[in-house]
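Asks: Mind having a look at this structure? Questions to follow.
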Amino acid sequence: RKRFEVKTLGFSSLELKNLIFFLGAVGRVAEVAGKSSVMMEIRTPKTHKANRVLEKRAPKLVENGKKTLILHGTKTSATVSSVLMELYRLKKGGAIKYSRRNENIRPFESGGETSLEFFSLKTDCSIFVYGSHTKKRPDNLVLGRMYDHHVYDLIEVGIENFRSLLSFSYDKKIAPHEGSKPFICFTGEGFENVPELKQLKEVLTDLFRGEVVENLNLTGLDRAYICTAVSPTKVFLTHCAIKLKKSGTIVPRIELVEVGPSMDLVIRRNRLPNEGLRKEAMKSSKDKPKKKVKNVDQDDVLGKLGRVYIPEQEVGKIPLPDKSKGVKRERREGKVKKNKEEGSASKKLKESE
């Protein structure tokens, strides 16, 4: 084996070690940077199905209904697990639930939002519910909204006095139907004065309202969420079925039957969006101007008016069928006249004989 001599160039052994370590670190950083550049490469869809999925997720003038992502923390109690399951049942068809425990999700800590944003991008959900249980914060629930698959705002509540769906007895015929539009009622001055309760009101409205519609059939309104501000830090939430009864007028009389679940929400921590993010999220694109339709005018009194242009008719070239009543009448009269003449002629012949 050949031996190679290393020229120290005036460096000590410790300085040489540090230099070798630095060069190795630079090499590793360059390698990681090369890999990350490959990982961040933009991938374009190669199939029609992928194109359709991306079109559904693209921004729209009228957005689709917000889907809810339900997640478990590192440790959850029986109460938290029941709440998450019942929220999933109430939001069935508009929610995605993951049953695995997530250790890396810590919404209020820096860096603990990465996995949450990844799940939001993967499932295309704009609202999330995260349940956890610790000694410091027992029966904890974090409600949050996403904007562009990044955390927009957060509010943390504790669960107290929880009652499940199974603990309520009622006539099953009035049970709310899956996917029906709810009625949401907020009672209490706190929802207008206390900032934390105002934020909770916005989050709960986005969580339960479903798709935004212009018209609603009254008979399809079969459920109601009642939120009552008991104190500046406590809200009573319950789910009721709507029962329509005769009132002697066109408008029916409404009765509420509690069907559960019901719980007390105690506000713990919250995080509001910064002003720049709020302005960006509140932007609304103007509707495209409607194209002018030819020969159509709008009048305040008569409404919609249109002009119809009829081409010049060439009557002389139009073939007419020979079915005119006048011609038929002339033929009948001629036939009767002919018969009369023939009858008188035969009579004259007989007389002459």
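Asks: What are the pairs with Cβ atoms under 7 angstrom where one residue, in the stretch 237-261, is exposed (fewer than 14 other Cβ atoms within 10 Å of the Cβ) and the other, located anywhere, is not charged (D, E, K, R)? Sequence gap at least six, or different chains.
Replies: Matching pairs, first to second residue: Lys245/Pro252; Lys246/Pro252; Arg253/Ser247.
Asks: Filtering the stretch 56-77 down to residues that are outside any loop (DSSP other than H, G, I, E, B) and open to solvent by 90 Å² or more (accessible area, probe 1.4 Å), which residue is farthest from Arg137 (Cα to Cα)?
Replies: That would be Lys56.
Asks: Regarding Arg106, is this residue open to solvent by 20 Å² or more (accessible area, probe 1.4 Å), free of Cβ contacts under 8 Å to residues at least 12 places away in the same chain and within 20 Å of Val203 (Cα to Cα)?
Replies: Answer is yes for this residue.
Asks: Here is a further query. Among the listed residues Phe186, Phe128, Phe162, which satisfies the condition of being open to solvent by 30 Å² or more (accessible area, probe 1.4 Å), part of a strand (DSSP E or B), under 28 Å from Asn64 (Cβ atoms) and among the aromatic types (Phe, Trp, Tyr)?
Replies: Just a single option satisfies the conditions, and that option is Phe186.
Asks: Conditions first: (1) open to solvent by 100 Å² or more (accessible area, probe 1.4 Å); (2) part of a loop (DSSP other than H, G, I, E, B); (3) under 30 Å from Pro59 (Cβ atoms); (4) at pLDDT 80 or above. Lys279 passes all but one, so which condition is the exception?
Replies: (2)
Asks: Check Leu200, Leu272, Leu207 and return the single one that is touching a Pro at 6+ places or on another chain (Cβ under 9 Å) and either at pLDDT 90 or above or over 30 Å from His133 (Cα atoms) (or both).
Replies: Residue meeting the stated conditions: Leu272.
Asks: What's the number of the only condition in (1) farther than 30 Å from Val142 by Cα; (2) open to solvent by less than 60 Å² (accessible area, probe 1.4 Å) that Lys294 fails to meet?
Replies: It fails just one condition, (2).
Asks: Still on this structure, I have one more. For residues in the stretch 228-261 being among the hydroxyl-bearing types (Ser, Thr, Tyr) and more than 25 Å from the chain's Cα centre (by Cα), which is modelled with the lowest pLDDT?
Replies: So, considering only residues that are among the hydroxyl-bearing types (Ser, Thr, Tyr) and more than 25 Å from the chain's Cα centre (by Cα), the one modelled with the lowest pLDDT is Ser247.
Asks: Could you give me the residue pairs with C-beta distances under 9 Å whose first residue belongs to the stretch 160-176 and is at positive phi, whose second residue is of a type in the set (Ser, Thr, Tyr) and surrounded by 14 or more Cβ atoms within 10 Å (Cβ to Cβ) wherever it lies, and which are 6+ apart or on separate chains?
Replies: Asn161/Ser262
Asks: With Lys97, Lys136 as the choices, which residue is more than 23 Å from Ser167 (Cβ to Cβ) and either polar (S, T, N, Q) or open to solvent by 30 Å² or more (accessible area, probe 1.4 Å) (or both)?
Replies: Exactly one residue qualifies, and that residue is Lys136.
Asks: Here's a follow-up. Take the stretch 70-115 and flag every residue that is within 15 Å of Pro261 (Cα to Cα) and polar (S, T, N, Q).
Replies: Listed by number, the residues that qualify are Thr79, Ser81, Ser82.
Asks: Can you confirm whether Phe191 is in contact with a helix residue (DSSP H, G or I) (Cβ under 8 Å, 6 or more places away or on another chain), within 16 Å of Arg145 (Cβ to Cβ) and aromatic (Phe, Trp, Tyr)?
Replies: No: the conditions fail for Phe191.
Asks: What are the pairs, 6+ residues apart or on separate chains, where a residue within the stretch 193-219 that is at negative phi and surrounded by fewer than 16 Cβ atoms within 10 Å (Cβ to Cβ) has its Cβ under 8 Å from a residue that is of a type in the set (D, E, K, R) and in a helix (DSSP H, G or I)?
Replies: Pairs that qualify, where the first residue is at negative phi and surrounded by fewer than 16 Cβ atoms within 10 Å (Cβ to Cβ) and the partner is of a type in the set (D, E, K, R) and in a helix (DSSP H, G or I), are Lys198/Glu192.
Asks: Report yes if Val129 is closer than 24 Å to Leu204 by Cβ and modelled with pLDDT of 95 or more, otherwise no.
Replies: For Val129, the condition - closer than 24 Å to Leu204 by Cβ and modelled with pLDDT of 95 or more - is met.
Asks: So Lys304 ticks every box in (1) in a strand (DSSP E or B); (2) modelled with pLDDT of 90 or more but one. Which box is left unticked?
Replies: Tallying (1) in a strand (DSSP E or B); (2) modelled with pLDDT of 90 or more, Lys304 fails exactly one: (2).
Asks: I've got another one for you. Could you tell me whether the stretch 213-222 includes any residue that is assigned to a loop (DSSP other than H, G, I, E, B) and within 30 Å of Leu54 (Cβ to Cβ)?
Replies: Within the stretch 213-222, one or more residues are assigned to a loop (DSSP other than H, G, I, E, B) and within 30 Å of Leu54 (Cβ to Cβ).
The values are calculated or read from the model by the stated rules, or taken from the named source; none is laboratory data. Quick caveat: nothing in here was measured; it's all calculated off a predicted structure. Methodologically, a virtual Cβ is constructed for each residue, glycine included, from the backbone with ideal geometry; neighbour enumeration extends over all protein chains shown. Surface areas here come from the heavy atoms of the whole protein model, side chains and all, with no ligands, DNA or RNA. Shrake-Rupley method; radii C 1.70, N 1.55, O 1.52, S 1.80 Å.
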